[in-house]
Structures are given as structure tokens and as C-alpha cells.
Amino acid sequence: MILHIPHSATYLPESFSVSSKTDLQKEFERMTDWFTDELFDIKNVTKLVSKYSRLYCDMERYRDDKDESMAQKGMGVCYEKNSFGRKLRDISEDEKEFIKSTVYDAHHKELERAVEDELSRDGKAFIVDCHSFSNEPLPHEDNQQRPDFCIGTDSFHTPDDLTQLIVDFLTSKGFSVLVNEPFAGTIVPLKFYAKEKNVISVMIEVNRKLYLDENFKKNDDFERIKRIVQELLHVINMRIIQ
């Protein structure tokens, strides 16, 4: 199992300068997948955690803005606008390419290697794309649905029985679950995308209301939610290795 955790960090390089139209702390609060590196954490698996804030480099976007729908909102690999559509920062095309050719490409190469290693060792590779989301829809988000959990799938890389296993597990715990709402899809390295059936991927998104308080700190339910997420990871990992 490969746990891909792209949005938990808040680190920004010293060179990052923010527009006066953006409150950086508020933007962190809205856009960071708080504590997903702790929620999604089990032993003896590969964890790939981005050390950079998504405000600097969003690893989940397509590299080329022409392929990325969010680039039209100023939120491609390198964000130029914030979650309210206001100016985040100025960034030149040269700086964008520097970020992509260093930070972005290195991250995706590491993910590709992790998949190759699992394929070589086990004959299959299993990616869990690990996220959280705000209970209050943000202006840049088109879908307003807000379940407790969102499961993102790909028609080629996510087996239907795996999706159903996850939905059944979470609903049995009393949670509301939607598939591909409000967020759809799951990450697969382009080298294998729609080509290698033995690369399996699913996205799990946790509603932050379940584990955060109003100050974006861990609430009293954090450890319970963490245990449930970890139990789910064990259950689906056992399904994959059978």
C-alpha cells in the first residue's frame, strides 16, 4: 500500500510572498488537509507526504495548465489566486517552470518509483490518495455536497467491489458517504494511467468537522476518527493482497 498525502503541509519557501488581498493564515485554514499525515498512518506501508503547502505547489494538479481545469481559476500546480478567487501572489512563467521541474517532478517521480517497486515485488500496486475537506463549501468548489466521507474512484483503476467495501465499512460505523461527490477521481502516475490494471487507486476524503474544532485544532473525536481510518486502511489492504 502507498499512502499519498499531498496537502497536509503548511511549509512555504522564504521566497514565497503573498498579496495584500490574501490573509495567508485564513488561506492555510481553508486549504490545508489538516493532520491527514496522522489520520492516514499504518505500519509497514509506503507513505509519500509532500513537505510543501499546496499554495506553493499542488501535487494533485496536472503539470500543464492546458490539461488542468482548476488552472482556469488560477489554481493550477502553482496557485495565483486564493480559494475566494482573489489574488494570492505574483508568479512568473519561469518560476512556475522551476517549481514544476524541481518540486513537482521530484514528487511524481517518487510516486512512480513506489508504484514500480510494488509492481515488481507483488505484481500489483495499491495507492490510497489521502485527503480531507471543509464542511463549508468554498467559493472555488463547484459541488456543494458535504458527506462525512467522500470516496474518489477511477473507472479503470478502482474496482467496484473495493468501492463498495469502503462504503459499507463507513456506513456501518454510522457515517454518511458519497462516491465522487463532492470530489471525484484518484491519483495514478501517468506512466500507468489507463494502461496497467494492476495499479489500483482510490481516494478517501474525510470531512474535517469529524476531527477538528473551530480553531482548526484536533477535537475530542480525533483519536476515534483516526482509529476508524486506520481500521479502514487495514480492511482494504487485506482485500487488495488477497
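Of everything in segment 106-129 that's out of contact with any His (no Cβ under 9 Å at 6 or more places or on another chain), touching a residue at least 40 places away in the same chain (Cβ under 8 Å) and under 30 Å from Glu14 (Cβ atoms), which residue is least open to solvent (accessible area, probe 1.4 Å)? So, considering only residues that are out of contact with any His (no Cβ under 9 Å at 6 or more places or on another chain), touching a residue at least 40 places away in the same chain (Cβ under 8 Å) and under 30 Å from Glu14 (Cβ atoms), the one least open to solvent (accessible area, probe 1.4 Å) is His107. Taking the numbered list (1) closer than 22 Å to Glu136 by Cα; (2) at pLDDT below 95 in turn, Pro6 passes all entries but (2).
Taking (1) free of Cβ contacts under 8 Å to residues at least 40 places away in the same chain; (2) under 17 Å from Val45 (Cα atoms); (3) part of a strand (DSSP E or B) in turn, Ser201 satisfies each apart from (1).
Within segment 32-63, the set of residues being open to solvent by 60 Å² or more (accessible area, probe 1.4 Å) and without any contact (Cβ under 8 Å) to a residue 24 or more places away in the chain comprises Lys43, Asn44, Tyr62.
Among the numbered conditions (1) at pLDDT 95 or above; (2) surrounded by fewer than 17 Cβ atoms within 10 Å (Cβ to Cβ); (3) in a helix (DSSP H, G or I), the only one that Lys26 does not meet is (1).
For segment 53-75, a residue qualifies if it is of a type in the set (D, E, K, R), assigned to a loop (DSSP other than H, G, I, E, B) and under 19 Å from Val18 (Cβ atoms), and the qualifying residues are Arg54, Asp58. Within segment 1-18, the residues that satisfy the criterion of being over 16 Å from Phe133 (Cα atoms) and not hydrophobic (A, V, I, L, M, F, W, C) are Tyr11, Pro13, Glu14, Ser15, Ser17.
Scan Tyr52, Tyr104 and give me the residue that is under 18 Å from Val188 (Cα atoms) and among the aromatic types (Phe, Trp, Tyr). Show your work before the answer.
Details: Tyr52 fails: under 18 Å from Val188 (Cα atoms).
Unique residue meeting the criteria: Tyr104.
Within the set Leu170, Leu178, the sole residue that is touching a Pro at 6+ places or on another chain (Cβ under 6 Å), modelled with pLDDT of 95 or more and either outside any loop (DSSP other than H, G, I, E, B) or farther than 21 Å from Val49 by Cβ (or both) turns out to be Leu178. In the set Lys191, Lys209, Lys195, Lys218, only one residue is closer than 23 Å to Ile2 by Cβ, in contact (Cβ under 8 Å) with a residue 24 or more places away in the chain and among the basic types (Lys, Arg); that residue is Lys191. Is segment 85-96 home to any residue that is open to solvent by less than 10 Å² (accessible area, probe 1.4 Å), assigned to a loop (DSSP other than H, G, I, E, B) and of a type in the set (Gly, Ala, Ser)? No, there is no match, as no residue in segment 85-96 is open to solvent by less than 10 Å² (accessible area, probe 1.4 Å), assigned to a loop (DSSP other than H, G, I, E, B) and of a type in the set (Gly, Ala, Ser). Considering Ile151, Ile225, the condition of being crowded, with 17+ Cβ neighbours inside 10 Å, on the phi < 0 side of the Ramachandran plot and in a helix (DSSP H, G or I) is satisfied by Ile225 alone.
Which one of these does Val199 not meet: (1) more than 30 Å from Asp64 (Cα to Cα); (2) open to solvent by less than 60 Å² (accessible area, probe 1.4 Å); (3) out of contact with any Gly (no Cβ under 9 Å at 6 or more places or on another chain)? Evaluating Val199 over (1) more than 30 Å from Asp64 (Cα to Cα); (2) open to solvent by less than 60 Å² (accessible area, probe 1.4 Å); (3) out of contact with any Gly (no Cβ under 9 Å at 6 or more places or on another chain) leaves (1) as the failure.
The values are calculated or read from the model by the stated rules, or taken from the named source; none is laboratory data. Quick caveat: nothing in here was measured; it's all calculated off a predicted structure. Here the Cβ is made from the backbone with ideal geometry for all residues, glycine too, and neighbour counts use every protein chain on show. Note: accessible area is taken over every heavy atom of the protein model, side chains too, but ligands, DNA and RNA are not part of it. Shrake-Rupley method; radii C 1.70, N 1.55, O 1.52, S 1.80 Å.
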